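The values are calculated or read from the model by the stated rules, or taken from the named source; none is laboratory data. Everything numeric here is computed off the predicted structure, so don't read it as measured data. Backbone-built Cβ (ideal geometry, glycine too); neighbour counts: all protein chains shown.
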2 protein chains.
Amino acid sequence: MTGPRYTKLTAGLPATVPFVGPESQERSLGQPFRARLGANESVFGPSPKAIEAMAKAAAQTWMYGDPENHDLRHALAAHEGVTFENIIVGEGIDGLLGYLVRLVTEGPKDAVVTSDGAYPTFNYHVAGYGGGLHKVPYSGDHEDPDALLAKARKVRAKLVYLANPDNPMGSWHSRETIERMASAMPDGCLLVLDEAYAQFLPATKVPQIDPNNPSVIRFRTFSKAYGMAGARVGYGIGHPDLIDAFNKVRNHFGMCRISQAGALAALEDTKYLSEVIDKVKDATTRIGTIAAGNGLTALPTAANFVAIDCGGDEAFDKSVLDGLIDQGVFVRMHFVKPQNRCIRISAGKIPDLDIFAEALPRALSQARAQL
Amino acid sequence: MTGPRYTKLTAGLPATVPFVGPESQERSLGQPFRARLGANESVFGPSPKAIEAMAKAAAQTWMYGDPENHDLRHALAAHEGVTFENIIVGEGIDGLLGYLVRLVTEGPKDAVVTSDGAYPTFNYHVAGYGGGLHKVPYSGDHEDPDALLAKARKVRAKLVYLANPDNPMGSWHSRETIERMASAMPDGCLLVLDEAYAQFLPATKVPQIDPNNPSVIRFRTFSKAYGMAGARVGYGIGHPDLIDAFNKVRNHFGMCRISQAGALAALEDTKYLSEVIDKVKDATTRIGTIAAGNGLTALPTAANFVAIDCGGDEAFDKSVLDGLIDQGVFVRMHFVKPQNRCIRISAGKIPDLDIFAEALPRALSQARAQL
C-alpha cells in the first residue's frame with residue numbers, strides 16, 4: 001500500500017510554518033517565557049466587555065457560528081462607513097490572505113509582488129498556490145510603493161502586497177502616498193493593503209480609499225489593537241464583486257461563534273480601544289528609551305512594536321535575540337538583509353518591559369563578547 | 001480600472017454555500033426558531049468543564065493559539081491510542097477536508113469518489129479545487145462500500161469519501177465492513193473516513209484501523225457529541241507522512257485559543273460525554289415514536305439525528321419541511337433522490353421535541369392538502 005498521490009505542487013512544498021510559535025520555543029527551552037513580546041499580540045488583552053461576551057458565548061458554542069457573519073459584517077460596515085456588501089469576515093487576515101491568493105493564483109505565471117522581508121505568511125500562501133512571487137527591496141526602512149508598482153507593471157502582477165503600517169519595521173507611509181498608490185494600480189492588479197496595525201495610526205493619517213475601488217482590498221484584524229489574536233477574526237473591505245468572490249472558496253462555517261460575539265463587543269468598546277492605543281504609545285516610547293540607554297537606535301514606529309537596530313549584522317542580531325530568548329524574553333528578529341540588523345519588540349506592560357530592560361544589557365554584552 | 005483576474009477555476013465557481021445557516025433562515029422568517037434541530041448540533045451543549053475552560057480562556061485570547069496544537073494533539077493521541085505524529089488538528093472536519101482535497105487535487109483528472117447525496121461540503125471542496133467528482137448511489141439507505149471501491153478502481157480515484165455513521169441517513173456499517181474496505185483500497189487511493197458521529201456508536205462497533213495505514217485517514221470532531229460546533233475543532237488520525245503533509249498548506253495559526261482549551265477540557269470529561277450519548281439515544285427514540293404516531297417511518301440511526309421517511313416524493317418532503325420551518329422548527333431535508341423523501345431531525349431536549357411533536361401533524365396535513 002502506498003500513500004496518497006499529492007499534486008505536483010503540494011508534493012514539492014516544504015512542511016513548514018511561517019513562524020515558530022512561542023509555545024514551541026517554551027517547550028524547547030523547558031520553561032515558559034517571562035515576557036511574551038515577540039508576536040505583536042496585545043498584552044493589554046481584549047476589552048473586558050469582549051471577555052464578558054466571549055465567556056457568555058461559551059455555553060452557546062454548541063451552535064455553529066452564523067456562516068454569513070451577518071451581525072458582525074453590519075457592525076463593521078457601520079464602523080467603517082461602508083456597506084454590508086463591502087465587508088468580508090474571515091479567520092484572521094491570514095485566512096483571508098489564503099482565500100485571496102487562491103482566487104487569483106494557480107501557477108508561476110500568476111505573478112504577485114511583495115517586499116523582500118515583509119509578512120512571510122503572504123509568501124507562504126503564494127508558494128502554497130504555486131504563484132510567482134516577485135520581491136522588491138525596502139527603501140531604507142520603508143516598503144517602496146514606487147518599486148512595487150514598477151515591478152507589478154513589469155511582471156503583470158495580479159496582486160501587490162503592502163502593509164501600512166509596515167510589519168516588521170513599524171514604518172508607515174503618508175495617507176497621500178497610499179492613496180496615490182491605490183489610484184495608480186495597473187488594470188487587473190489588486191492592491192492588498194494589510195492594515196493590521198491601522199488602529200495605531202492617528203485617524204488623520206489613515207488613507208481614505210473608495211471602498212468600491214475594484215483595485216484595492218484592505219485587511220483589518222481584531223488580533224492587534226483589539227487584543228484578540230487567539231480568536232481569529234479578520235476582515236476585508238473591498239468592491240462587492242470581490243467580496244462576493246470569497247464565497248466561492250471560503251470555509252463558510254469556519255468562524256467560531258465565541259469569536260463573532262467577542263469581536264462585536266470589542267468593536268463597540270471604543271473607549272477601551274483608545275486606552276489600549278495610549279498604553280501602546282507609552283510602551284513603544286519606553287522601548288525607545290531602553291534601546292537608547294543601551295546605545296541602540298529604536299526605529300520610529302506607527303504600530304504596537306518597535307524595531308531596534310542592534311547596530312551589527314545578522315549574526316550579531318541573532319546573538320542578541322538568542323540572549324534575550326535564553327533569559328525568557330520572547331522577541332523576534334527580522335528576516336532579511338538589511339532589516340535583519342534589527343530585533344522586534346512588541347509593546348508590553350510595565351513589568352514585561354522591566355524584564356526586557358533587565359535582559360537587554362546582558363544579551364548585548366554576551367553578543368559583543370562573541371564578536 | 002478593472003477587478004482582479006481570477007483563475008479560470010475560481011472564475012467558474014458559483015458563490016455558494018453548502019448549507020444555508022439557520023440564522024439566515026431566521027432573518028428571512030423575521031423570527032427566531034423555536035427549536036433548532038436542523039444542523040445536528042448538540043443542544044445538550046458542551047461539558048460544563050469545557051464551558052468553564054473556554055470562559056476562563058477568554059481573557060487569554062490576546063495570545064495566538066499554539067500553532068502546533070501540542071497539548072491537544074497529545075491528549076487526543078492518548079485518547080485514541082495512537083502517537084502524537086498520527087494526529088492533525090484543524091478548524092473542524094470542514095477545514096481538514098479542504099486541506100486534504102487541496103493536497104491531492106488540482107484538476108478534473110484528479111478523481112475523487114463519494115456517494116450521491118452524502119456530505120455536500122466535501123463536494124464543495126472538490127469543486128473548489130477543480131477535482132473530478134464521481135458519485136455512486138446509496139444502496140438502500142446506506143453508502144455502498146463495494147460500489148465506492150469499484151468506482152475508485154475504475155476512475156483511479158485519489159480519495160474515496162465515506163461517512164460512518166452516515167450523514168444524512170443515520171445508517172452505519174459493521175466494523176468488519178469498514179475494516180475490509182480500509183484494507184481493500186487501491187494503491188495510491190486514500191479512504192476518507194468521516195467519523196463525525198462515531199462517538200454515538202457503541203465502542204465495539206467502531207472500526208479498528210491501523211493508524212499507520214497509509215490508505216486511510218479518519219476524521220473526528222468536537223462539533224457533535226462534544227457539543228462544540230461553534231468552536232471549530234476537528235482532528236484527523238492517519239499515517240505520520242500524511243499528517244505532516246497538512247503542514248504544507250494549513251493555516252498554522254488558524255485555531256482559536258479558546259477552542260483549544262475547550263476541546264482539552266471536553267475530552268477529559270468522559271462522564272459528561274456518556275450522559276450526552278444517553279440523552280441523544282432517548283431523543284432519537286422519541287423522534288421515532290413521534291414519527292410512528294404520525295404514520296411515518298423513522299430510519300434506524302447510529303447518530304444524533306433521525307431521518308424520517310415522509311412517504312412521498314421530493315415535492316411532498318419539501319412541503320413538510322416548509323410547514324415545519326414556518327412553525328419555527330429548524331430541520332433539514334435530504335438532497336437527492338431517493339433520500340429526499342426524508343427529513344432530518346437532530347436529537348433535541350424534551351421541550352424541543354415537544355415543539356416538533358406539536359408541529360409535525362400540522363405540517364403533514366398541510367402538505368397532504370397540497371397533493
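Filtering the stretch B:220-242 down to residues that are more than 27 Å from B:Glu52 (Cβ to Cβ) and either aliphatic (A, V, I, L, M) or under 21 Å from the mean Cα position of the chain (by Cα) (or both), which residue is farthest from the other protein chains (Cβ to nearest Cβ)? Within the stretch B:220-242, the match that is farthest from the other protein chains (Cβ to nearest Cβ) is B:Ile237. Scanning the stretch A:154-213 for residues that are charged (D, E, K, R) and buried (at least 21 other Cβ atoms within 10 Å of the Cβ), we see that the one that is nearest to the other protein chains (Cβ to nearest Cβ) is A:Lys158. Within the stretch B:85-100, being surrounded by 24 or more Cβ atoms within 10 Å (Cβ to Cβ) and among the charged types (D, E, K, R) holds for B:Glu91, B:Asp94. Within the option set A:Ser274, A:Ser365, being closer than 29 Å to A:Gly95 by Cα, in a helix (DSSP H, G or I), out of contact with any strand residue (DSSP E or B) (no Cβ under 6 Å at 6 or more places or on another chain) and of a type in the set (S, T, N, Q) holds for one residue only, A:Ser274.
Of all the listed residues (A:Leu321, A:Leu296, A:Leu273), the sole one being within 21 Å of the chain's Cα centre (by Cα), modelled with pLDDT of 95 or more and crowded, with 18+ Cβ neighbours inside 10 Å is A:Leu321.
Mind checking which residues of the stretch A:17-29 are in a loop (DSSP other than H, G, I, E, B), within 7 Å of another protein chain (Cβ to nearest Cβ) and surrounded by fewer than 18 Cβ atoms within 10 Å (Cβ to Cβ)?
If the condition is that a residue be in a loop (DSSP other than H, G, I, E, B), within 7 Å of another protein chain (Cβ to nearest Cβ) and surrounded by fewer than 18 Cβ atoms within 10 Å (Cβ to Cβ), then A:Val17, A:Pro18 are the ones that fit.
Every residue in the stretch B:159-203 that is in a helix (DSSP H, G or I) and at pLDDT 95 or above, please. Those that are in a helix (DSSP H, G or I) and at pLDDT 95 or above: B:Arg175, B:Glu176, B:Thr177, B:Ile178, B:Glu179, B:Arg180, B:Met181, B:Ala182, B:Ser183, B:Ala198, B:Gln199, B:Phe200. If we scan the stretch A:226-247, do we find a residue that is basic (Lys, Arg) and outside any loop (DSSP other than H, G, I, E, B)? There is no residue in the stretch A:226-247 that is basic (Lys, Arg) and outside any loop (DSSP other than H, G, I, E, B).
Test A:Ala245 against the stated conditions and say whether it is surrounded by 22 or more Cβ atoms within 10 Å (Cβ to Cβ), under 18 Å from A:Asn167 (Cα atoms), within 9 Å of chain B (Cβ to nearest Cβ) and among the hydrophobic types (A, V, I, L, M, F, W, C).
no
Against the test of being over 21 Å from A:Pro186 (Cβ atoms), more than 10 Å from chain B (Cβ to nearest Cβ) and touching a helix residue (DSSP H, G or I) at 6+ places or on another chain (Cβ under 8 Å), the options A:Gly140, A:Gly128, A:Gly132, A:Gly117 yield a single qualifying residue, A:Gly117. Quickly run through the stretch A:112-135 and pick out the residues that are under 21 Å from A:Arg344 (Cβ atoms) and aliphatic (A, V, I, L, M). Hit for the stretch A:112-135 is A:Ala118, nothing else.
Confirm whether B:Ile290 is in a helix (DSSP H, G or I) and either within 14 Å of another protein chain (Cβ to nearest Cβ) or free of Cβ contacts under 8 Å to residues at least 60 places away in the same chain (or both). Criteria not met by B:Ile290.
Of all residues in the stretch B:30-69, those satisfying the criterion of being at the interface with chain A (Cβ under 8 Å from one of its Cβ atoms) and over 30 Å from A:Pro32 (Cβ atoms) are B:Arg36, B:Ala39, B:Glu41, B:Ser42, B:Val43, B:Phe44, B:Gly45. The residues of the stretch B:153-176 that are without any contact (Cβ under 8 Å) to a residue 40 or more places away in the chain and more than 25 Å from B:Arg341 (Cβ to Cβ), listed by number, are B:Arg153, B:Lys154, B:Ser174, B:Arg175, B:Glu176.
How many of the residues making up the stretch A:300-321 are within 30 Å of A:Lys205 (Cβ to Cβ) and acidic (Asp, Glu)?
2
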